Structure formats: structure tokens, C-alpha cells
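Asker: My questions will all concern the structure given below.
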Amino acid sequence: MRHIVCFGNELHGDDGFGVRIYAQLRQLTWPKNVEIFNAGIAGLNALRFFENCSQAILVDALANFGNTGEIFALKPEDLADRPQQLTGHGLGIPYLLEALKVIREPLPDILIVGVEIAAVTPFFSGLSDKTEQAVPKAVRLIQDLLPE
Amino acid sequence: MSKRTIQIDLNRVEGDLDFQLELEDNKVVDARCIGSMYRGFEQILISRKPKDSLVITPRICGICGTAQLTAAVLALENLAGIAVPPAAIRIRNLCLMAETVQSDLRQSFLFFTADFCHPKYDDRSFYQKARTAFLPFKGWVHRGALEHSRHLVEIIALFGGQWPHSSYMLPGGVTTPASSRHIIDSLSILNKVTRWFEQNIIGTDLDSWLALESADEFFTWLTAKEAHADGAIGLFTMMSRGIGLHHVGFGTPHMLSYGSYDDPADAGTFPPQRKHLFRAGFLNGDTGNVEPFEQAEITEHVRYSWFQPYTGGRHPFQGQTIPDYQPHSDRYTWCKAPRYQDKVVQTGPLADALIDGEPLISSLYQAEGGNAWLRQFARLRRTARLLHKMRETLNELAAHPNDPHMIPPDKLEIPDGEGCGLVTAARGALGHWLQVTDGVISCYQVITPTAWNASPKDSEGRHGHWESSLIGLTVDDPDDPVEIGHIIRSHDPCLVCTVHVLDTGKRMTLWP
């Protein structure tokens, strides 16, 4: 199986990027062995979404990786020297990836698809313009990463 | 005299907490515990149908949603006089215990013990052992806790369909009976966790560990075998005491417990008279006596909180929650200040064990008082008791296979009136107070365990428990106050704890 696991808080502006992508991905037709999950702000509880799959794509908002609206496909090791959280939720993706290494052998192939966001805006619904513009491109990238 | 303020953020998904400490010559002279996020659950519930609380309140917390659900359903049952069958009480208890054990294992071994790997201790003889056992993602205890804690809540998913934020308890019972499949699956999860706990955490079997009844017995046991000393509890005890955590972090001497787990054998009695498996009570710190607990003695103050002012304290049924943010006043938090018999109290596993009369914890308390080590130790002692109680509960469910899991209430709707639901969550006493007028919720007041412990000052200017547990403490290095981290973590605020010093702008992370 191949899993797409989307993270984010749609109540906090651009932090909702992953959840926005989730909504878009659900509109599309996918090969039988692809499953899509909305992990929201789950921390360690999201470990469940990485069971029974050989490949996993994480979708999340990024900070300090590039220009606003820029899309990145990262490997877990690209986050290794950034122990602090990327975004506002709990302990963040790096912590989750570390935990995954402890409890999963062998690990699925992991890629992180993210967008550099403008700002996490508490209690604001909707994405900023540049982040919104990145949505279709990110969706196409994920489609290309998971061919039939 | 050098004076400075340090600020400690305790950020978590469930709501944000900061500490502001005033230091004079490295000694904490004042402390303010700041709830920096307003949640508003009590307002969200106003004008809704009473049973909406079963869906909304489990969202208060991503760690103790089962406890919130239990409090919500008990409040509805209390209001309407709705009976519950023994099997439903057992299923509720089992799920509540699973949630508590998960939380306690994570608090202890993902957060508390990681601090022993702090570079401050690199000249201590225990340092290598600490890193081997407790270093995040590398240490054998940390890795084991990560793996084993996560399966426990699968028991809740079996009965509740999901965890967190499940809504499977309804007035009159639960939505699913305990099928033999549920019981077998639950036992298999429990067996795995128990085996790991025995081999890695206590270094002996559950029964021998639970048979230890006094401080002397415990300290003799600790050095009797290598497996005892080198188990996680042995290491944690040796390291905590090595750095003196048994001499600090006492806080208020008054303790409160609502009692844990309704007794299924007493299902015919309605709460709050229904017996508990672990007793309720109030430990009066002035006299040392445990007195009967009476919920009418609870009040909440707002003198130092960002709410529309009222005088003195109010019982939750007279409670008022009207936000009134005043950042430039002497008010400093979104938490109210709950008091019991007008006293500052603490709640949590230490209070629960002492009030229940658990012999080992009581003996250690008699010897050394309610210090930071004992508070954390009591949490792990509880894990052993709950693993044992969960097995007992599953066996009881298996012995009564066709018992009803629900007694359908006579009336479809919850009538007008008032009720309260009191439970013990992982962090201590949790209560919901509900009033229904003209068929809808007219008032809903929640007092969480952290509201008790992280309370600000009250109308009399008395500090809350966490605040008072830090006042008087001397720190070696105000730029890296790891002592404060230990004490704060013994209170189980959990997750990220970063410390920064305002006057230099330098930011430090205790862990992670």
C-alpha cells in the first residue's frame, strides 16, 4: 500500500495547507493501493497512518525552507538537522519521523511534500494567496510521485 | 541583589501554559502560572441540547478525551437520575484506565526521565546509564515506552470505535457490549504491555511489586537484585534521589481526589454516593486527616484571571465564565482559581494514592512528604495498579457474557435540572457541572485537573499549587534552570517545555 498523510490545522491560516491538499486529493481518482489520510494535528497518534504501507508521502506546511509558495519534496534526512518543529503542531514532523524509526522496521519510503507558507495565523480560516496558488502544483507533484 | 524574570512556555496542543518566575540571587521569589490560550468550551455548549456535551467535551483534550466523556455522561445521568448496568461501568472503567496508563507511561518515559540526560549531569556517575535508558529515541526505556504506550488506547477503539475524541458512552450505558472478541483482543494488548512493564520497568512481576507496602520494604527491594535497581523505576528513583528531587517541589499540602472508577458492584447506587474502586476524599494538610469529599465545597475565584470580576469564590453551579482580557492589569491567566473549602489544593496520582490509603505511597509520604520524586513515583505506582485492575475488569466482563451494556432511559430527552460528573483523569480531579433550562444547556462549567494544579492566585492572594511548588527553590544556573524543569514535569504538564530568559533574549530548550 501507498499512503498520503496530510498534516495541518485549518483553523490557523496557512497551517491548513496539508488539510487543503487532503480535500483536493479526495476529489481525484487514485490507484487501488493508494490511501489518503487527514492527520490534522495528531502528534504521536499519527504513527498509525504509517502502518501497512511501503511508501508514505507526508504533506505539511514548511517554514524557513525557501520563498513563500515554493514547493519542496524532502527526504526525512533533510529534516534531520532541524530538530525543532516545522510548524505549530505539537512536537512536529521530525519528532514523528524519529518515533517511526523506533517502532517500524522496515520503514516505508518516506517523502515530505510541503510548501513554504507565509504565516501561521491563529483562528483564521483559509490560505494566503501565494500558498493557495501552490495547491494545484503540489497536487500534481503528489500525483506524479504515485503513478499507477 | 540581582533580580530577573524568566519565562517558561509549556506549549501543548490542548492549550498553552507559560510560567513566569521572579528570581533574586538565583532563588525563586514569585511565580505566575499563565494559561495563555482561551478555549471557550463552556460558551460553545450554551443553548445546545444537553447530549451534545458527549460529542463536544471529548474534544477538550487529545490526551484525556475518555475522562471528559465520562464526566459528561455522569453529569447527564446525575441530572436525570439515569441508571447504568454493571457491564457498562466496567467498559467505561477499562477504557478510562487504558487512557490513563498510556498517559502515565508517556509522561514518565518520554518526558520526565529524558531530563536526566541533560548535559548538566555529565559528571554524575549515573549519566551513562541515563543516556542508555532514557535518551529520546535511543534509550531502551524511551523506545519501549514509545512502542508499548500506543497500543493501549486500541482497547478504547475496540469499544468506542475511535480514540481520541470518542463518544461511545451514552446516558444509561455504552454503545457496544463486550463481545468475547473484544475481550480477547483487549487481553492480548494488555498482556504485551504488562510483560514489557514487568521486564523493563519494575524488573519483577506485577504481584511482587504491588506487595511492597512500606518505604523500608521498597528501599530494601531496590538494592536486593540488579534487575530491580536497573529497571526503569530503579534507575529513575536512583537518579531522582541522586539530584535531590525528594527534597523539592512540595507545593500545597492539601490534596483532593474525586475517587477513581465507579464500583460496578455498586451500580444500583447513583453517583455521587456510588462507591469507587479507589476512594474519594480530601486530605487536609493541616491535620493530616482524610475527610469525606463534598463537591459543594468547591469554588472558583477569578481575582487574577481574565474574566469579568466577581467577589470571592463561586460554586460551579453559580459559576460565570465571561472573558475579559486585561493584559496590562495584575490579572495574568485564562485559568480560574479553584479552591476546596477555600483551600489551595493539588490533585493527581499522589493525591489519589494518599487519599485511597495506598500503603507504599503513604509510607513514603510519611517519611519524606509530597516531593517531586514521590509525585512522579506515585504516577508509576498507579500504572502497576491499573494494569492489574484492567485484567480484573476484563475477567469480570468475560464472566458475565450476556449482561446488558445499556439500560435505555425512560425519557428520550434530558429534563431541566442540574447535575455534575466527577472523575479521575490521568492528571487528577476532573468535573463537569451542567444546568439545563427549557430543554437546552443554560450553564456548563468544567474544572480540569490542570485548573486545580496550575491555578493562579485567588481572591486572598494565595498562590496555586504549581506556583507554590517553585517559590523558594534555588537554581544553579538561571540561564539553564533544569531544576525547574524537573519540578514542573513532575506535575505532568507534558509535551514541549522551552525556557527562555527575557532579559537577554536568549532562548533555551530543556527538551526536546
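The values are calculated or read from the model by the stated rules, or taken from the named source; none is laboratory data. Quick caveat: nothing in here was measured; it's all calculated off a predicted structure. In this analysis, Cβ positions are derived from the backbone assuming ideal geometry, glycine residues included, and neighbour counts consider all displayed protein chains.
Asker: May I ask you to verify whether residue B:217 is closer than 20 Å to residue B:361 by Cβ and not aliphatic (A, V, I, L, M)?
Answerer: yes
Asker: Looking at segment A:59-67, can you tell me whether even one residue there is acidic (Asp, Glu) and either within 14 Å of chain B (Cβ to nearest Cβ) or surrounded by 19 or more Cβ atoms within 10 Å (Cβ to Cβ) (or both)?
Answerer: yes
Here's the yes/no breakdown for (1) more than 30 Å from residue B:112 (Cβ to Cβ); (2) not charged (D, E, K, R):
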| site | (1), (2) |
| --- | --- |
| B:333 | no, yes |
| B:340 | no, yes |
| B:399 | yes, yes |
| B:403 | yes, no |
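Asker: From B:383, B:424, grab the single residue that is part of a strand (DSSP E or B), touching an Asp or Glu at 6+ places or on another chain (Cβ under 7 Å) and at pLDDT 95 or above.
Answerer: B:424
Asker: Could I ask something else about it? Out of the residues in segment B:294-305 that are farther than 14 Å from residue B:464 by Cα and free of Cβ contacts under 8 Å to residues at least 40 places away in the same chain, state the one that is surrounded by the most Cβ atoms within 10 Å (Cβ to Cβ).
Answerer: Looking at the filtered set, the residue picked out is B:294.
Asker: I would also like to ask the following. For segment A:1-36, enumerate the residues that are in a loop (DSSP other than H, G, I, E, B) and either within 14 Å of chain B (Cβ to nearest Cβ) or more than 21 Å from residue A:132 (Cβ to Cβ) (or both).
Answerer: A:1, A:8, A:9, A:11, A:29, A:30, A:31, A:32, A:33
Asker: Next question, about the same structure. Taking segment A:24-47 as the region of interest, how many residues are surrounded by fewer than 16 Cβ atoms within 10 Å (Cβ to Cβ) and in contact with an Asp or Glu (Cβ under 9 Å, 6 or more places away or on another chain)?
Answerer: Result for segment A:24-47: 1.
Asker: Can you pull out the residues in segment B:414-471 that are under 23 Å from residue B:55 (Cβ atoms) and among the polar types (S, T, N, Q)?
Answerer: Listed by number, the residues that qualify are B:424, B:435, B:437, B:442, B:445, B:448, B:450.
Asker: Could you grab the pairs with beta carbons closer than 9 Å, sequence gap of 6+ or different chains, first residue in segment A:1-25 and free of Cβ contacts under 8 Å to residues at least 12 places away in the same chain, second one among the polar types (S, T, N, Q) and surrounded by fewer than 24 Cβ atoms within 10 Å (Cβ to Cβ)?
Answerer: A:23/A:38
Asker: Also: Which condition from (1) at pLDDT below 95; (2) more than 13 Å from chain B (Cβ to nearest Cβ); (3) assigned to a strand (DSSP E or B) is the one that residue A:39 breaks?
Answerer: In the conditions (1) at pLDDT below 95; (2) more than 13 Å from chain B (Cβ to nearest Cβ); (3) assigned to a strand (DSSP E or B), residue A:39 misses (2) alone.
Asker: Just to confirm my filter: which strands (runs of 3 or more DSSP E) fall fully inside segment B:279-380 and include at least 3 residues that are under 18 Å from the mean Cα position of the chain (by Cα), among the small types (Gly, Ala, Ser) and within 30 Å of residue B:115 (Cα to Cα)?
Answerer: none
Asker: In the list A:148, A:35, A:116, A:70, which residue meets the criterion of being in contact with a strand residue (DSSP E or B) (Cβ under 7 Å, 6 or more places away or on another chain), charged (D, E, K, R) and touching a residue at least 60 places away in the same chain (Cβ under 8 Å)?
Answerer: A:70
Asker: Continuing with this model, one more query. Would you mind stating whether residue B:144 is over 25 Å from residue B:242 (Cβ atoms) and either under 24 Å from the mean Cα position of the chain (by Cα) or more than 14 Å from every other protein chain (Cβ to nearest Cβ) (or both)?
Answerer: no
Asker: Also: Within segment B:43-62, is even one residue of a type in the set (A, V, I, L, M), at pLDDT below 95 and part of a loop (DSSP other than H, G, I, E, B)?
Answerer: no
Asker: Could you please give the count of residues in segment A:3-22 that are surrounded by fewer than 19 Cβ atoms within 10 Å (Cβ to Cβ) and in contact with an Asp or Glu (Cβ under 9 Å, 6 or more places away or on another chain)?
Answerer: 0
Asker: Please enumerate the residues belonging to segment B:240-255 that are among the β-branched types (Val, Ile, Thr) and within 18 Å of residue B:467 (Cα to Cα).
Answerer: Answer for segment B:240-255, where residues must be among the β-branched types (Val, Ile, Thr) and within 18 Å of residue B:467 (Cα to Cα): B:248, B:252.
Asker: Against the condition charged (D, E, K, R) and either without any contact (Cβ under 8 Å) to a residue 12 or more places away in the chain or closer than 26 Å to residue B:414 by Cβ (or both), how does residue B:106 come out, does it pass?
Answerer: So residue B:106 fails the test.
Asker: Ok, one more. Can residue A:56 be described as in a strand (DSSP E or B), within 14 Å of another protein chain (Cβ to nearest Cβ) and crowded, with 19+ Cβ neighbours inside 10 Å?
Answerer: The answer is no for residue A:56.
Asker: If you don't mind, another one. Restricting to segment A:79-108, name every residue that is part of a helix (DSSP H, G or I) and either facing chain B (nearest Cβ under 10 Å) or modelled with pLDDT of 85 or more (or both).
Answerer: Within segment A:79-108, A:92, A:94, A:95, A:96, A:97, A:98, A:99, A:100, A:101, A:102, A:103 qualify.
Asker: Restricting to segment B:112-141, and then to whatever is more than 12 Å from chain A (Cβ to nearest Cβ) and aromatic (Phe, Trp, Tyr), can you tell me which residue is nearest to residue B:197 (Cα to Cα)?
Answerer: Here the answer is B:134.
Asker: From the list B:182, B:151, B:165, which residue is assigned to a helix (DSSP H, G or I) and either modelled with pLDDT under 95 or touching a Pro at 6+ places or on another chain (Cβ under 9 Å) (or both)?
Answerer: Of B:182, B:151, B:165, the one residue that is assigned to a helix (DSSP H, G or I) and either modelled with pLDDT under 95 or touching a Pro at 6+ places or on another chain (Cβ under 9 Å) (or both) is B:151.
Asker: Out of (1) within 13 Å of chain A (Cβ to nearest Cβ); (2) assigned to a helix (DSSP H, G or I), what's the single condition that is false for residue B:67?
Answerer: Looking at each condition in turn, residue B:67 falls short on (1).
Asker: Among the candidates B:101, B:55, which residue alone is in contact (Cβ under 8 Å) with a residue 24 or more places away in the chain and either surrounded by 24 or more Cβ atoms within 10 Å (Cβ to Cβ) or within 21 Å of the chain's Cα centre (by Cα) (or both)?
Answerer: Going through B:101, B:55 in turn, just one is in contact (Cβ under 8 Å) with a residue 24 or more places away in the chain and either surrounded by 24 or more Cβ atoms within 10 Å (Cβ to Cβ) or within 21 Å of the chain's Cα centre (by Cα) (or both): B:101.
Asker: To continue, here is another question. Which condition from (1) within 13 Å of residue A:100 (Cβ to Cβ); (2) touching a Ser or Thr at 6+ places or on another chain (Cβ under 7 Å) is the one that residue A:45 breaks?
Answerer: Of everything listed in (1) within 13 Å of residue A:100 (Cβ to Cβ); (2) touching a Ser or Thr at 6+ places or on another chain (Cβ under 7 Å), residue A:45 misses just condition (2).
Asker: Out of the helices (runs of 4 or more DSSP H) lying entirely within segment B:196-273, which hold 2 or more residues that are buried (at least 19 other Cβ atoms within 10 Å of the Cβ) and free of Cβ contacts under 8 Å to residues at least 12 places away in the same chain?
Answerer: So the answer is none; nothing clears 2.
Asker: So which residues in segment A:119-131 are touching a residue at least 24 places away in the same chain (Cβ under 8 Å) and out of contact with any Lys or Arg (no Cβ under 7 Å at 6 or more places or on another chain), if there are any at all?
Answerer: Of everything in segment A:119-131, those that are touching a residue at least 24 places away in the same chain (Cβ under 8 Å) and out of contact with any Lys or Arg (no Cβ under 7 Å at 6 or more places or on another chain) turn out to be A:119, A:120, A:121, A:122, A:123, A:124, A:125, A:126, A:128, A:130, A:131.
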